[in-house]
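All of the numbers you see were taken from the coordinates with simple rules; none came from a lab. A quick note: this is a predicted structure, and the numbers were derived from the prediction, not measured. Neighbour counts are summed over all protein chains in view; Cβ atoms, including those assigned to glycine, are modelled from backbone coordinates with ideal geometry.
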Amino acid sequence: MRKDAEKEFIVINSVSSPTPSSSVSTTKDTKEADKKTAVSEASIRAQTNQQILQASLQVSISSGDKPMQLLFRSAIDKINEVLQPEFGEDAIKNAMGQDNSPEGTAGRIVALSTGFYEAFAKQRPGQDPEKIAEEFTKVIRGGVEQGFKEAREILKSLQVLDGSIASNVDKTYDLVQKGLDDFLASKTKKSTEAGQ
């Protein structure tokens, strides 16, 4: 019985009256517990991040080319969001109803680019109209060259620049060049007729 009484006394004594050394050890214990908690939180975050990456990889592997579909969908959604104030809901979807053949695409490129001619000409008062038309067409052709070059590089990097896509890009390019030739001819013909 004596041993049990001693144990009770020791337990009661250590709980009820801490000594300076036990308060130091309590402070150390608290700091170590805080460090362990921080380490534990960091390891939980690391584990969570690892699990997210693994899940993403599994989705990517199991879905084949679906990541490209997800990328496409995400891009389309963001573009629609940006275009909404000016073009309304689903601007891209609505634009898909347009003629996307080489002829239709080339027609839009020529119409949109040559639509700036009047503003270009107004910035050059007193200059020869034929020279203005030639300079304008040269500037537009430079933009067309750069745009088609970049588009081809993108399609090539996606490994889809072959077959009908390649021939449609080439046909569109040729039609744009012909459209610009016709535009220039119409402007130089007008200036020649105006001079007579």
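Some notes on this structure:
One line per residue, one yes/no per condition, for (1) over 14 Å from residue 178 (Cβ atoms); (2) surrounded by 12 or more Cβ atoms within 10 Å (Cβ to Cβ); (3) not β-branched (Val, Ile, Thr):
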| residue | (1), (2), (3) |
| --- | --- |
| 107 | no, yes, yes |
| 112 | yes, no, yes |
| 125 | yes, no, yes |
| 128 | yes, yes, yes |
| 131 | yes, yes, yes |
| 136 | yes, yes, yes |
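- The set of residues from the range 106-134 being without any contact (Cβ under 8 Å) to a residue 12 or more places away in the chain and either assigned to a helix (DSSP H, G or I) or among the polar types (S, T, N, Q) (or both) comprises 108, 111, 112, 118, 119, 122, 123, 127, 131.
- Filter result for residue 103 (touching a Ser or Thr at 6+ places or on another chain (Cβ under 6 Å), among the acidic types (Asp, Glu) and in contact (Cβ under 8 Å) with a residue 60 or more places away in the chain): no
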